[in-house]
Each structure stands twice: as C-alpha cells, then as structure tokens.
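The values are calculated or read from the model by the stated rules, or taken from the named source; none is laboratory data. It should be emphasised that the depicted structure is a prediction, and the values quoted were computed from it without experimental measurement. Because the Cβ atoms are built from the backbone with ideal geometry, glycine has one as well, and the counts that use them run over all protein chains shown. Accessible surface areas use protein heavy atoms only, side chains included; no ligands, DNA or RNA. Shrake-Rupley method; radii C 1.70, N 1.55, O 1.52, S 1.80 Å.
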Amino acid sequence: GNSVTQMEGPVTLSEEAFLTINCTYTATGYPSLFWYVQYPGEGLQLLLKATKADDKGSNKGFEATYRKETTSFHLEKGSVQVSDSAVYFCALSDSGGSNYKLTFGKGTLLTVNP
Amino acid sequence: DAGITQSPRHKVTETGTPVTLRCHQTENHRYMYWYRQDPGHGLRLIHYSYGVKDTDKGEVSDGYSVSRSKTEDFLLTLESATSSQTSVYFCAISLGQGTFDTQYFGPGTRLTVL
C-alpha cells in the first residue's frame, strides 16, 4: 500500500535560516505529491503540489521537486520567517481509481525563533 | 476558501454517548472525507463519500459511521463514544473531476471524550 515517511521533528531554526524537511514515499502507480501546512488552531492548507516526475511545486518561497528515482519530495525554503512556524505534512494521492484519497505523513513541527 | 464549515467546533462528551459531527460545504463538490488527527499519527482517513448515499471506509473506520443524504452535508457519527476517540476531526473536500486530487480542509472539531 501507499505510505509517506517524513522527517521527525520538532525542527527549530533561527529566522533567515535554510529549511529542509525530508519526505519519501512508497506508492503504486503514479501519485501526485503534496505539502500541506497547519498553523496553530487551524485546518490544513495546501502549500504546494506536483503531479508528475521532475515537476517543481512552489509557493510562498517554499519549493519541492518530485523525484521519482529517489521517491522523494523534500520541502525547502531559503530563508524562514517566524510566521512559517507551523506543522508541515507531506502527502500523496494515487488518483488511479482511488477516489482521490490522500495518504499523509505524520507531520513535522517547525518553530522559527526571531 | 472552499466553503467548508464544521460543527460543533468543540465538544466534550462522556463515554458511551452518541456524538454526531457535521461537515457542510457550499459548492456542490462530489468528494468529501473525514479524518482524525492525533499526535504521532498525522491524519488518518475515517470514511469518505463519492456522492449522495455513496460512502466507503477508510483506514480507521471502526466505531464510526457516516451518512450523506444531500451533497452539501457529510455527517460523522460515533455511536458510543470512547476515550480513544478523543481527537481533532477534520472534514475535507476534493474538487475531483480529474484536476484533481487536491483536498481542501475545514477548520476542525476538537472532541474530548471523558
């Protein structure tokens, strides 16, 4: 079955530091890959997505590249801000007749200090 | 904003009582989902719906039932609540129609079972 493994947190960085959150996956078929972000007390928001190999998703300074050869979708940001403090979830969807179900990783808590 | 609301937003109940959570959407999306979020587990799918009266189980469906009698509402029922069902519950919708497997989430319901 499908699974997503992302790096365990928590991750604590200083403002303007470089961020990487690792995500690897196991899937049948050709999944789409997602990063969602959850700010304190809120629901999940889509951060970025990629639907095929070598696609790069980007949003709000965050980027992730769909690497089929390494089954990875690592999230990066060049300079984090305090406002980026949140929980980040990697997820995949194998849309081949699966009713668009998502499989999530366990989440990584990021804290950015001023 | 995908027009998703959840009610109630917070609920405290006692073991053995029935509980119903409501998810309401305003945009006639076909696919709807219920997840629970627990520390160390990320989000796990409870049940989902692919149309009115069409529902199926997710990975953690034991102790839960759902109903969808109209497009806009997806109800999650705990027939006899247990302390292990203390969690944050999120509803999501998918735009479907091949664009897309992107899911959009409601604000969540925090349920405490004493």
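For residue A:41, are the conditions met, namely being surrounded by 14 or more Cβ atoms within 10 Å (Cβ to Cβ) and within 13 Å of another protein chain (Cβ to nearest Cβ)? No. Within the set A:85, A:93, A:58, the sole residue that is of a type in the set (Ser, Thr, Tyr) and within 12 Å of chain B (Cβ to nearest Cβ) turns out to be A:93. Contact map, the stretch B:58-72: first residue within 19 Å of residue B:16 (Cα to Cα), second residue open to solvent by less than 90 Å² (accessible area, probe 1.4 Å) and assigned to a loop (DSSP other than H, G, I, E, B), Cβ cut-off under 7 Å, separation 6 or more or different chains; pairs are B:63/B:82. Here residue A:113 does not qualify as over 17 Å from residue A:8 (Cβ atoms) and under 13 Å from the mean Cα position of the chain (by Cα). Of the residues A:111, A:71, A:24, the single one that is touching a Pro at 6+ places or on another chain (Cβ under 8 Å), more than 14 Å from chain B (Cβ to nearest Cβ) and open to solvent by less than 60 Å² (accessible area, probe 1.4 Å) is A:111. The sole residue among A:53, A:64 that is more than 11 Å from chain B (Cβ to nearest Cβ), open to solvent by less than 20 Å² (accessible area, probe 1.4 Å) and either farther than 23 Å from residue B:34 by Cβ or modelled with pLDDT under 95 (or both) is A:64. Residue B:56: at the interface with chain A (Cβ under 9 Å from one of its Cβ atoms), exposed (fewer than 14 other Cβ atoms within 10 Å of the Cβ), over 17 Å from residue B:26 (Cα atoms) and not β-branched (Val, Ile, Thr), yes or no? Answer is yes for this residue.
Candidates in the stretch B:39-51 are the residues that are surrounded by 15 or more Cβ atoms within 10 Å (Cβ to Cβ) and more than 11 Å from the chain's Cα centre (by Cα); of these, the one that is nearest to residue B:109 (Cα to Cα) is B:43.
Any idea which residue in the stretch A:1-18 is surrounded by the fewest Cβ atoms within 10 Å (Cβ to Cβ), counting only those that are within 23 Å of residue B:102 (Cβ to Cβ) and more than 12 Å from the chain's Cα centre (by Cα)? Spell out the reasoning first.
Residues of the stretch A:1-18 within 23 Å of residue B:102 (Cβ to Cβ): A:1-6.
If we keep only those that are more than 12 Å from the chain's Cα centre (by Cα) too, we end up with A:1-3.
Numbers: A:1: 8, A:2: 17, A:3: 12.
The residue in question is A:1.
Scoring residue B:90 on the criteria (1) open to solvent by 10 Å² or more (accessible area, probe 1.4 Å); (2) within 14 Å of chain A (Cβ to nearest Cβ) leaves a single failure, condition (1). Of all residues in the stretch B:62-71, those being surrounded by fewer than 16 Cβ atoms within 10 Å (Cβ to Cβ) and either basic (Lys, Arg) or not in a strand (DSSP E or B) (or both) number 4.
In the condition set (1) assigned to a loop (DSSP other than H, G, I, E, B); (2) within 14 Å of chain A (Cβ to nearest Cβ); (3) among the small types (Gly, Ala, Ser), residue B:49 is compliant with all but (1).
Does the stretch A:78-85 contain at least one residue that is assigned to a strand (DSSP E or B) and surrounded by 15 or more Cβ atoms within 10 Å (Cβ to Cβ)? Within the stretch A:78-85 (the criterion being assigned to a strand (DSSP E or B) and surrounded by 15 or more Cβ atoms within 10 Å (Cβ to Cβ)), the answer is no, since none of the residues qualifies. The set of residues in the stretch B:19-38 being closer than 21 Å to residue B:110 by Cβ and either open to solvent by 50 Å² or more (accessible area, probe 1.4 Å) or of a type in the set (S, T, N, Q) (or both) consists of B:20, B:22, B:25, B:37.
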